[in-house]
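Enquirer: Below is a structure I'd like to ask you about.
What follows draws every value from the coordinates through simple rules; no lab data is involved. As the structure is a prediction and not an experimental result, all values here were calculated from the model. Note: ideal-geometry Cβ built from the backbone for every residue, glycine included; neighbour counts use all protein chains shown.
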Amino acid sequence: EYISVANLGLALGVKQHVFLAQLAELGFEDISKESILQGETAALVAQEYGFEPTVDVGEEKDLKPRPTPEDTSALPQRPPVVTIMGHVDHGKTTLLDYLRKSSVAAGEHGGITQHIGAFSVRMSSGRDITFLDTPGHAAFLKMRQRGANVTDIVILVVAADDSVKPQTLEALKHARAAKVPMIVAITKVDKSDANVDRVKSDLAAQGVEIEDYGGDVQVVSVSGKTGAGMDDLEETILLQSDMMDIRAETDGMAEGWVLESSIKPIGRVATVLVKRGTLRPGDFIAAGMVYCKIRSLRNEAGVEVDEAPPGTAVEILGWKDPPDAGDMVLQAPSKDKAEGATRYRQELKDREEDVATMAVQGEERREREREAAEKAEMERREKGNHRTGGSGGGEVVEKEGKEKDGREEENKTPGTQLVNFTVKGDVHGSVEAVCASVMEIGNNEVRPRVLLSSTGQVTESDVEHAATSGSSIINFNNPVSGHIKRLADDAGVKIIDHNIIYHLAEEVRDMLSALLPPNI
Ligand code: GDP
């Protein structure tokens, strides 16, 4: 329902400092790249740039039938991804080491695992659990700051001999903010001064709804030293993940997150946690501003594997530049597309930097203007004191000439039909990724334009804005209420709704090709 100036400028394809100058001309005051415009205001601005509603509702029937939204119940299960958090010295590392020894790869390779940021444990039932292996994993925190959840379940570790401590509460806060289910593991139960009941009542006092107190947070007592309760813990994790019905499709373009990135003797490597799809050697992926043709995949034992299915983490070789931990990873069908996605993001960043520079320059200019105005005011007063009369003020400050920049004309092939979109997604990273995928589509005849993008569910004002600007709404990984669907139907606004980015892109592509004249 709102858009930053930076994003609007980008959506309109106008170089940011030019855009800022033009906004000033349109009468906006004190505008910067962070300024937020209301949807309607943004729509008016967009109209100034020649955006007219282009969607002819009558054409709707000519579009290909809309694929049904993903029915996840038909998809294969994937391993749950688990993060262990808790107070220092409460036994997180010991617990992870115990689990790591029973890891899939360790089993196959004499118990030796190396640190890649995650490892998978195979249960006797044959099912896997993937653990992020740095307690309170930095990538987890960073991704959460961006609003993304890499983890499905948090295990809150509390030592039986020490109970709830400051970092326990900190971890609790993170788990709650991430809105992921939590399992409490009470560690060190082998110690003589262990007091499990005290831990339970202390947690209950902190508002943790543990099962002993009638809540639904499961509590397991374990010892990382003797291994007591470890099977129970693993079973509890699987039980929890069954309740959450964690599934993902194994084919289609893969999506994931960078957990870690480093330079090793073998080259640049990054551990990627795959959330959907399957990664294989030879695949192209893009993460942030870098892309990679996957040279090889290795598990936590350093052994090459043929594929990384959803819910697993692998170390990926083949990066030209290292990606950043916390970046979203997207598979691309070709090198060109992968490169295109990174170029788009680079452009986004460049423009943001341009605007930042502009903001600084603008601040300096305003400072100069203030000084000049003060000086003029003083001179005016002096003149006034001398009663010499005269002009009485007037324009004393010469505005700097507006900057000329031919680049605003870039990409404007005459006759290109622009199709407007509003992009909504669950988290910042996915909105960015969806925008990048959508912007890649099109040719000289028809191209998409993202007028608005924001996180959160589709709102009434999104629909209204889409109706006025002739946009279709792209919705990623958010539920759409029946009310909104009806509203959109009535307003003739199409909502493209998927949980998988490449399905979104496919539908946008179909939609654009339907707009092409026949025989082309
Ligand atoms: P972290 O800081 O949470 O990773 O804690 P560590 O795993 O490093 O454990 C801190 C100390 O507690 C170490 O000396 C461990 O040997 C010890 N410890 C951890 N788990 C257990 C346990 O289950 N039983 C006993 N007796 N000691 C434990």
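Enquirer: Please list the non-local residues whose amide H lies under 5 Å from the amide H of VAL419, H modeled 1.01 Å from N, same-chain partners needing a gap of 5 or more.
Expert: Residues meeting the amide H criterion: ARG447, ARG449.
Enquirer: Order by neighbour count: THR342, THR226, THR312, fewest other Cβ atoms within 10 Å first, most last. Walk me through the numbers on the way to the answer.
Expert: Values: THR342 21, THR226 11, THR312 26.
Going from least to most buried by this count: THR226, THR342, THR312.
Enquirer: Can you compute 3J(HN,Hα) from phi for each residue in the range 308-315, using the Karplus curve 6.51 cos²θ - 1.76 cosθ + 1.60 with θ = phi - 60°, rounded to whole Hz and x for Gly and Pro?
Expert: Per residue, the Karplus-derived 3J(HN,Hα) values read 10, x, x, x, 10, 10, 9, 8 Hz.
Enquirer: Filter the cross-link list LYS225/LYS264; LYS179/LYS275; LYS424/LYS485; LYS275/LYS424; LYS173/LYS264 down to pairs whose alpha-carbon distance in this structure exceeds 23 Å. Write down the numbers at each step before the final one.
Expert: Numbers: LYS225/LYS264 32 Å; LYS179/LYS275 18 Å; LYS424/LYS485 14 Å; LYS275/LYS424 20 Å; LYS173/LYS264 35 Å.
Check vs 23 Å cut-off fails for LYS225/LYS264; LYS173/LYS264.
Enquirer: Beta carbons within 10 angstrom, averaged per residue: use that to sort the peptides 193-201, 234-242, highest first. Can you show the working numbers first?
Expert: On the way: 193-201: 16.2, 234-242: 18.1.
In decreasing order of mean packing, 193-201, 234-242 become 234-242, 193-201.
Enquirer: From the phi angles alone, apply the Karplus equation (6.51, -1.76, 1.60; θ = phi - 60°) to the range 427-437 and give each ³J(HN,Hα) in whole Hz, x where the residue is Gly or Pro.
Expert: For the range 427-437, the Karplus-derived couplings read 9, 3, x, 6, 4, 4, 5, 5, 4, 4, 5 Hz, x marking Gly and Pro.
Enquirer: Using mean Cβ contacts within 10 Å as the protection proxy, how do 478-486, 9-17, 270-278, 295-303 order, highest first? Walk me through the intermediate numbers first.
Expert: Values: 478-486: 13.1, 9-17: 22.3, 270-278: 25.0, 295-303: 19.2.
Final packing ranking: 270-278, 9-17, 295-303, 478-486.
Enquirer: Gap in Å between the Cα centre of the range 441-520 and the Cα centre of the range 72-99?
Expert: The range 72-99 and the range 441-520 have Cα centres spaced 37 Å from each other.
Enquirer: If you build the Cα gyration tensor of the range 216-354 and take the root of 5 times each eigenvalue, what three semi-axes come out, in whole angstrom, biggest first?
Expert: Listed largest to smallest, the semi-axes of the range 216-354 are 33, 17, 16 Å.
Enquirer: Of all the C-alpha pairs in the range 149-259, what % are more than 26 Å from each other? Walk me through the numbers before you get to the answer.
Expert: Values: 1393 of 6105 pairs.
When all Cα pairs of the range 149-259 are counted, 23 percent exceed 26 Å.
Enquirer: From the C-alpha coordinates alone, can you work out the Kirkwood hydrodynamic radius of the range 190-246, in Å?
Expert: Working: mean 1/r = 0.0792 Å⁻¹.
Answer for the range 190-246: a Kirkwood hydrodynamic radius of 12.6 Å.
Enquirer: Here is a further query. When the gyration tensor of the range 432-520 is built from Cα positions, what are the square roots of 5 times its three eigenvalues, in whole Å, from largest to smallest? Display every interim value, and only then the final one.
Expert: Details: eigenvalues 98, 47, 27 Å².
Semi-axes from the Cα gyration tensor: 22, 15, 12 Å.
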